[in-house]
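Remarks on the structure that follows.
The values are calculated or read from the model by the stated rules, or taken from the named source; none is laboratory data. No experiment lies behind these values; they were computed from the predicted model shown. Using ideal geometry, Cβ is built from the backbone for each residue, glycine included, and neighbour counts are taken over all protein chains shown.
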DNA sequence: AATGAATGAGTCTTCATTCAT
DNA sequence: CATGAATGAAGACTCATTCAT
């Protein structure tokens, strides 16, 4: 019987120790993958950083690609869900609310980890097409839905006049990427101070209002 | 410490044959780098595809990184300079001109080669920080300047009212990336038909006018 | 920057098999290094002769230089410590004792392995300066100390009159290298028969006595 | 006709330019071979240092081994012939003359170039056995003959009593290698001041006189 | 004669993966 | 389950030598 069992993607472990070790591996792998990318990160490095043996890696994950995918999903889920709750800040003033939403989005998306996840998806788009789905699912999609719901509400309330609400949400999100996020992704020198972020956020809010205010 | 001669970056060759072979190498390297990225592309593959011996590569380029950089600069220069001449299409109608400019930008930027170059910059931002400069210099910077000049002209002519012209150009370019370009970069399924492009382009032009028309 | 684990210099292995393989590698490496020198010996050759895979070499030694150093130290320690016990042969006659000591030294130093170690030190003196220290520590230093102690005793006993005992020991050792050892090191044709050795040994003893007898 | 002519070892050139270039190559090759040894020196390096093309090397020398041999013979001839004229300094006092001869020998033999040539012979004794002959012929043999002639004269004059004159010459030369030369060859730290040299030289002269003075 | 691009065998080293303990 | 030694394919790069120009 040469067939090998496929170890589950880790989580559903019974023993607590096993689960700990699994998390430890994912944590270390993540650190390295985010810093160096997939190809430049070796299983030895991961094992070393995680403080486990190289063989142990293969007790928990089928192979390098599997570990990579597992890391990416776990990080996308735990990290990007902060984006979900953007918007909806109970601000009396729509202009202010929009500005705050934009600022929040910018701040979240220039976080080194978010930048790293984006980079990984782009870098490995050919080899690991599923990453984009994961990123979209946990990151973009939720944000867009959140924004769309919010805009729909304002539309219903007469504060905004929007024909294509989904497109508007996408526009809003895209405009947030002006200047700062875009350059961060390219590692170009850029002013990421709160002032700078507020500047872009204000511009986004103003432009959005001019586009969709009644 | 071994002393190696530094072969010039290739171009200034006297013999015609040498120049041809150099281009051949760059061409093949480009194809592979764009498809697979830096790490996954081996010098052997490049030599094989270019039809030369592995050793020959090192007569023209110091090492893999050097060849990579040379490829990237050459492609950035020759490919992205098409972006330079965007805009300025002599259209009587500003709305139409903006729409066409947006459509042109979108079309150029979802070209597989442009997408590939972008991916490479993002993927190798840590290892090769200069790539971003090159991309910005040959690609983004020229486009922004072109747009800014154009907008300044229209501002002087009273057709637009813009306080920060550079920011406006950046906004225009950013908005063009809504939906299509963004998803292309992630290899997500996306409708890239002319219709779809025109849709986004129209949205960009309309929004821009609402933001900056007098 | 790749992180590699530093495998211990081999010895402190727990498993018996690992230790065996390590010795096997050192043994094969030694054979080749002694025959061909450092540069001409390839890791492939070593792996082949040791009957292990090329990769295995790197589980036990960091790199070629490390393996080389390990080999040299091990051989110096195990081989050259025979020199330590030279002299002190309980001979009633000092002349005879000196002659025997000289003969022993000559015999030990024209052993192919001793010649090989000397050649390696000289050949790699620039690249591996530590080898000389190792050789001196395990080989020369002990012999000199042994001789000096012996001479000091004889000096105290009135059989020799020596002002600088350390220099005298060094002289004795140097004189032993007349003709035979010197030519062996250069691979020049030379008579290494017992007769020939005894001839030089006798000359050394006679000369030494004429220099230092009261 | 695929047969290639064997270019003569260089010297007998008619054109002056050719001879110059040949010397230039030998000079550069020597510098590198002496510093790095045979294996570590590449034809590219030599060509680069000599300021000629790689191909030119093969117009003057059949291959690397040939160039190496040519270098070694030329250097041995031109450099080591200084040893020839040792001794015979017209000193009234034999003790002083011996001391001076010893000091001269030591000084000449710790010259970096002499050390380098010795190292090369020892390092390449297996691969290039002829080097030792060359070294012996141009270096050792002449010195020994010179010393032997001198000693024979003194023997005839009654100042020395020597049974085996050749052996005596060899002893003298060997004793000169005590301490300083020996350690220089191993790149061990050693005092090479004039004082230190004089000290060993004095010891050699004294010892020699005690051995052979009437 | 001189050049320098071309070659391809060979170098050291890394890596993902397996398996006996 | 955990370990870590073993593997062999593959990586980037070097080098002596040749040959068309």
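Numbers below:
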quantity: Tally, over the range D:34-78, of residues that are farther than 25 Å from residue D:132 by Cβ and without any contact (Cβ under 8 Å) to a residue 40 or more places away in the chain; calculated: 14
quantity: Filter result (closer than 19 Å to residue B:203 by Cβ and more than 7 Å from chain A (Cβ to nearest Cβ)) within the range B:155-181; calculated: B:160, B:168, B:169, B:172, B:173, B:176, B:180, B:181
quantity: Selection count where residues are within 6 Å of DNA strand F (Cβ to nearest atom) and more than 14 Å from chain C (Cβ to nearest Cβ), scope the range A:50-59; calculated: 2
quantity: Residue in the range B:110-119 that is more than 24 Å from residue A:201 (Cβ to Cβ), within 8 Å of chain A (Cβ to nearest Cβ) and surrounded by fewer than 16 Cβ atoms within 10 Å (Cβ to Cβ) present; calculated: no
quantity: Residue among A:144, A:135, A:131 that alone is within 13 Å of another protein chain (Cβ to nearest Cβ), buried (at least 23 other Cβ atoms within 10 Å of the Cβ) and at pLDDT below 95; calculated: A:135
quantity: Meets criteria (within 13 Å of DNA strand E (Cβ to nearest atom), at negative phi and free of Cβ contacts under 8 Å to residues at least 24 places away in the same chain) for residue C:31; calculated: no
quantity: Filter result (surrounded by 19 or more Cβ atoms within 10 Å (Cβ to Cβ), at negative phi and within 14 Å of chain C (Cβ to nearest Cβ)) within the range D:34-49; calculated: D:34, D:38, D:41
quantity: Test: residue in the range A:176-187 that is crowded, with 16+ Cβ neighbours inside 10 Å and on the phi > 0 side of the Ramachandran plot; calculated: yes
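Condition check ((1) in contact with a strand residue (DSSP E or B) (Cβ under 8 Å, 6 or more places away or on another chain); (2) near DNA strand E (Cβ under 8 Å from one of its atoms); (3) at pLDDT 95 or above) across all residues:
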position: C:39; (1), (2), (3): no, yes, yes
position: C:44; (1), (2), (3): no, yes, yes
position: C:71; (1), (2), (3): no, no, yes
position: C:85; (1), (2), (3): no, no, no
position: C:95; (1), (2), (3): no, no, no
